[in-house]
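To start, the structure under review is shown below, and the notes come after it.
The values are calculated or read from the model by the stated rules, or taken from the named source; none is laboratory data. In this text, all values refer to a predicted model and were calculated from it rather than measured experimentally. Cβ placement follows ideal geometry from the backbone for every residue including glycine, while neighbour counts extend to all protein chains displayed. These area figures cover heavy atoms from the full protein model, side chains too; ligands, DNA and RNA do not enter into them. Shrake-Rupley method; radii C 1.70, N 1.55, O 1.52, S 1.80 Å.
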Amino acid sequence: MKLFYYQYSPKRFPGGLNNFGDDLNPWLWKQLIPNLLNDDESTAFVGIGTLLNNLLSKRLPNARRIIIFSTGVGYEELPKLQDSWTIYCVRGPLSAKALGISPKLAVTDGAVLVRRLFHPTSQKIHQFAVMPHAKSARYGGQAWHQICEQIGFKYIDPRLPVEQVLSAISQTNILLTEAMHGAIVADALRIPWVPICTNQTILAFKWQDWCLSVGLKYQPQYIMPLWDLYPRTARGIRSSIRYAHFCFNWLKQDQLHSVKTLWGDKQQLIATQLFRIAQTTSPYLSNDHRIEQLTTELEERLDKLKSRMNYQG
């Protein structure tokens, strides 16, 4: 059974683009189901990621069977469920509803299983840390470093190796994160977190899907975008509307600054916004009992997969 997870195209990002959420897949599953994973493409294991769409079967042309475990809906068009698919669980209730499958298949994101594999040993070093989305880090990495240094926050680059990101998160008291899997891992490790949003490409649906699975409501804090550091988004009505909606949310929440500050010192403004959010926003953390219950549920479904795969030989 071959592990499949999303990897950014070298054509789109020369030199590649590592992403903590995607990179969790080999780190996690090779520890949890090492005897089941190999290079046999006839069976594919699809785990962490927003991969349930119309492109999945095309991306796995040699797979006669596809195992779905904790994956989510969100990008591209909805897929047509295939007889070759075996769904053990999906990311949350919105994914289950979108696919038209039983709500009992909605558990939570598989990244929660880091609870069983990563055990922090170091003390807390940082009161606050900021973790942007991987693309935000790529286009504005140096700026993020400078912003965080200015206000004394730890900067966590989501492109770093998994173990480094896990250690950095575990050393933090409160994480401000644009990366959803930063929030998921923080929650799993019982570290309070605050969702932030710096650009219009962040997909709220997948956040809402996971948050509902752990009994939380996604209400991000909007931060002024580093517009000059991001490439232009695709033109068209949909992108224009989404961009206008994002700007409206940012302006609506930023009551202390006038519109003219859009043309001022962006890094200074973003630093001020982050500092204010950290000082005034109540962080999120799911219920202890619920996160443990969901972790156990994922383990039980993984045990079913192991039993079936070993039985079938």
I want to confirm something. Restricting to the stretch 189-236 and keeping residues that are open to solvent by 50 Å² or more (accessible area, probe 1.4 Å), more than 26 Å from Val112 (Cβ to Cβ) and not in a loop (DSSP other than H, G, I, E, B), which single residue is modelled with the highest pLDDT? Trp227
Members of the stretch 9-52 that are within 20 Å of the chain's Cα centre (by Cα), under 27 Å from Lys80 (Cβ atoms) and of a type in the set (S, T, N, Q): Ser9, Asn25, Thr50
Evaluation of Pro120 against (1) over 27 Å from Glu300 (Cβ atoms); (2) open to solvent by 60 Å² or more (accessible area, probe 1.4 Å) (one fails), failing number: (1)
Here the residues within the stretch 138-159 that are of a type in the set (A, V, I, L, M), open to solvent by less than 20 Å² (accessible area, probe 1.4 Å) and farther than 17 Å from Trp193 by Cβ are Ala143, Ile147
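Yes/no matrix, rows are residues, columns are (1) outside any loop (DSSP other than H, G, I, E, B); (2) of a type in the set (Lys, Arg); (3) open to solvent by less than 40 Å² (accessible area, probe 1.4 Å):
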site	(1), (2), (3)
Gln7	no, no, no
Arg12	no, yes, no
Asn18	no, no, no
Pro26	yes, no, yes
Trp29	yes, no, yes
Pro34	no, no, no
Leu52	no, no, yes
All but one of (1) touching a Ser or Thr at 6+ places or on another chain (Cβ under 7 Å); (2) farther than 25 Å from Glu76 by Cβ; (3) modelled with pLDDT under 95 hold for Ser136, so report the exception by its number. (2)
Of the residues that make up the stretch 257-280, is at least one outside any helix (DSSP H, G or I), of a type outside the set (Phe, Trp, Tyr), touching a Ser or Thr at 6+ places or on another chain (Cβ under 9 Å) and at pLDDT below 95? yes
